[in-house]
1. Quick check: is even one residue across region 180-196 surrounded by fewer than 18 Cβ atoms within 10 Å (Cβ to Cβ), basic (Lys, Arg) and assigned by TED's automatic domain parsing to the domain that holds Phe259?
2. Would you mind stating whether Tyr94 is crowded, with 19+ Cβ neighbours inside 10 Å, touching a residue at least 60 places away in the same chain (Cβ under 8 Å) and under 23 Å from Ala166 (Cβ atoms)?
3. Please specify each residue of region 280-289 satisfying the condition of being closer than 27 Å to Glu158 by Cβ and of a type outside the set (Val, Ile, Thr).
4. Check off (1) assigned by TED's automatic domain parsing to the domain that holds Asn32; (2) in contact with an Asp or Glu (Cβ under 6 Å, 6 or more places away or on another chain) for Thr169 and give me the number that stays unchecked.
5. How many residues does region 42-60 hold that are assigned to a loop (DSSP other than H, G, I, E, B) and touching a residue at least 40 places away in the same chain (Cβ under 8 Å)?
6. Might you let me know whether region 174-196 holds any residue that is free of Cβ contacts under 8 Å to residues at least 60 places away in the same chain and within 29 Å of Ala78 (Cα to Cα)?
7. What single numbered condition from (1) more than 27 Å from the chain's Cα centre (by Cα); (2) at pLDDT 95 or above fails to hold for Pro122?
8. Look through region 114-132, keep the residues that are basic (Lys, Arg) and in a loop (DSSP other than H, G, I, E, B), and return whichever of them is nearest to Lys88 (Cα to Cα).
Amino acid sequence: MNKLSALCLSILAFAFVPAPAFGQLAPERLYNGINREIPVTVTIPSGKEGEAVIELLRPVTAQKVATASVLPGKVNLATLFPNLWNTKTPSLLYAQLSVGGEKIGPALVLQPMVNPKQATIPPGTREPKFFSNNETYTGLRIYVDKNVRMETDKGVIEFQLRPDVAPNTAWNFRELVGGGFYTDIIFHRIVPKLQSGHPFVIQVGDPTATGTGGPGYNIDLEQSSLQHDFGVLSMARSGDPNSNGSQVFVCLSRPGTAFLDGNYTTFGQAISGADVIRAIAASPIGAEGRPTDPMPLIKTATLVDAAPYGTGPKPITPEAPSQSPESNQPAQSPAKTEAPAPR
């Protein structure tokens, strides 16, 4: 091999070396058992000056719970923030890197590992009841905060996940997205309006497009406090409360989906793509909300870094509500057949 060829190979090899993150907190492992160290690597971007700190932030409000100064390299969050292990009431927090008062890179999600509550539906009712026999705190699942970028044939929708309200459901969805599950998946059920006239849902997540398919497993229903509303992402299921899998629906209005609160697990909110959601909802449909050709679909869904926590775009909001006479009618009862069960 001559010197020129060797030089070219060296340049190519250098070009394919992954570039370091601009500024990042990187956990050494996903699962961190209680009362053990929590190793995290701190990367400070070049050119940034000022004190580097890690801030523990509350969900939604981004209120600071605690702050600790750090240097580049490996740190132990359990030493910096002893209350992570000492608390009697663990709650999900975000760990955000800040340099010179500027938040840098996506936060880390610190999700307490606590035995989940179980859902059952008592005989003669439709609403699930939740109970727990043991809520043992065993440690933290720690990962980099990511959004879901859903590229559809109508455009792009980006969702902010809400592990603070449904940690296991949000994790399940991002694992499916990261594994390429939502590739060429048709929106198999579109209900632009209920009998009341209120916009309802668009549903997706079955590779067979029949409404009966899934990922080959089920996850339990989680009790989420996030209200169903325009752009909110929620899990579809059958009559069994613990039949959640890969089928999800995007809400088209608060009046049309309020009756689903507590019965289905909400776990994300769209932060862009309102026009895309409406375009999908406007697709031609046949019987039972089945779309007709051309069928709207997700071309691909990917995980992308979230903005530094508390700085990103807010959830999308609906257009001004219709002033039609039907706009004052009550939402449909859960006993109606329009509930977004996949089968």
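The values are calculated or read from the model by the stated rules, or taken from the named source; none is laboratory data. Everything numeric here is computed off the predicted structure, so don't read it as measured data. Quick reminder, even Gly has a Cβ in these numbers, built from the backbone with ideal geometry, and neighbours come from all protein chains shown.
1. yes
2. Values: crowded, with 19+ Cβ neighbours inside 10 Å: yes; touching a residue at least 60 places away in the same chain (Cβ under 8 Å): yes; under 23 Å from Ala166 (Cβ atoms): yes.
Considered against the rule, which asks whether it is crowded, with 19+ Cβ neighbours inside 10 Å, touching a residue at least 60 places away in the same chain (Cβ under 8 Å) and under 23 Å from Ala166 (Cβ atoms), Tyr94 comes out as yes.
3. Ala281, Ala282, Ser283, Pro284, Gly289
4. Only one criterion is unmet by Thr169, namely (1).
5. Filtering region 42-60 for residues assigned to a loop (DSSP other than H, G, I, E, B) gives 44-51, 58-60.
The next check asks that each one be touching a residue at least 40 places away in the same chain (Cβ under 8 Å); those that pass are 44-45, 48-51, 59-60.
Going through region 42-60 one residue at a time, the tally reaches 8.
6. Among the residues of region 174-196, at least one is free of Cβ contacts under 8 Å to residues at least 60 places away in the same chain and within 29 Å of Ala78 (Cα to Cα), which makes the answer yes.
7. Unmet condition: (2).
8. Residues of region 114-132 that are basic (Lys, Arg), as a first pass: 117, 126, 129.
This time we only want the ones that are in a loop (DSSP other than H, G, I, E, B), so: 117, 126.
Values: Lys117: 17, Arg126: 34 Å.
Only one residue fits best here, namely Lys117.
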